[in-house]
Amino acid sequence: RFIGVAEETGRIVEIGEWVLYEACRQAKAWQDAGLPRVPVAVNVSARQFRQAGFVQEVRDALASSGLAPEYLELELTESLMMQNIEAVIGAMRHLKESGVRLSIDDFGTGYSSLSYLRRFPLDYLKIDRSFVRDMLHDAPGAAIVRSMTTLGHSLGCRIIAEGVETRDQLGYLTQQGCDEIQGFLCSRPVPGKEAGELLYAER
């Protein structure tokens, strides 16, 4: 409900800018503390992405924090991909030239055309949790996950599965060649301090 209201009122742009700067700052702080250098992913709303100067905003956030661009991943929605295609592709290419990584979030739940998908300079496709949740008990769901993984790899993307909660799910995804996972099996959402402690434990 909060995000919906923020989108409707336009405050999502201001919030998104704060999140971007804070994520870059926190990631650099972890690195400076000697913790493993892991990328941080930031969701970008369609409204924020379409703002004039968004690409420069990303560059400024990286510069102000000192974070190297390869440690920032921007998660974009499929709905964004279908709006003003040429402008979206142009902005994505500028971001890629800056060294930032790009992913489509919740892949398979939107309306993206495969003819457009092959033109996007993406690094990751993220399989939505709804497919992951049902794949072990639903043959069509399992087939969709297999197909998404194959498609993503054929496009040169790494595959991230969302909403992974069990080792059985992890086992199936590993068999299908999924590259990375996120979900409660790794950790529930935690504040920055606790996230840093998790990273410390992985050193």
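Structure notes:
- Hits in region 188-203 (condition: open to solvent by less than 50 Å² (accessible area, probe 1.4 Å) and either more than 20 Å from the chain's Cα centre (by Cα) or not hydrophobic (A, V, I, L, M, F, W, C) (or both)): 192, 196
- From 185, 125, 117, 151, residue being of a type in the set (A, V, I, L, M), surrounded by fewer than 19 Cβ atoms within 10 Å (Cβ to Cβ) and within 30 Å of residue 29 (Cβ to Cβ): 185
- Among residues of region 17-69, those that are touching a residue at least 24 places away in the same chain (Cβ under 8 Å), assigned to a loop (DSSP other than H, G, I, E, B), under 24 Å from residue 5 (Cα atoms) and open to solvent by 20 Å² or more (accessible area, probe 1.4 Å), counted: 2
- Test result for residue 93, open to solvent by 70 Å² or more (accessible area, probe 1.4 Å), out of contact with any strand residue (DSSP E or B) (no Cβ under 8 Å at 6 or more places or on another chain), touching a residue at least 12 places away in the same chain (Cβ under 8 Å) and in a helix (DSSP H, G or I): yes
- Of the residues making up region 7-16, those that are free of Cβ contacts under 8 Å to residues at least 24 places away in the same chain and more than 19 Å from the chain's Cα centre (by Cα) number 4.
- Residue 81 fulfils the conditions (1) open to solvent by less than 30 Å² (accessible area, probe 1.4 Å); (2) at pLDDT below 80; (3) in contact with a Lys or Arg (Cβ under 7 Å, 6 or more places away or on another chain) except for a single criterion, (3).
- Scan of region 117-132 for residues that are at pLDDT 90 or above and either more than 30 Å from residue 172 (Cα to Cα) or among the hydrophobic types (A, V, I, L, M, F, W, C) (or both), ordered by number: 122, 125, 127, 131, 132
- All positions within region 104-116 that are at pLDDT below 80 and on the phi < 0 side of the Ramachandran plot: 107, 109, 110, 111, 112, 113, 114, 115, 116
The values are calculated or read from the model by the stated rules, or taken from the named source; none is laboratory data. Remember, predicted model here, so these are calculated numbers, not experimental data. Methodologically, a virtual Cβ is constructed for each residue, glycine included, from the backbone with ideal geometry; neighbour enumeration extends over all protein chains shown. Surface areas here come from the heavy atoms of the whole protein model, side chains and all, with no ligands, DNA or RNA. Shrake-Rupley method; radii C 1.70, N 1.55, O 1.52, S 1.80 Å.
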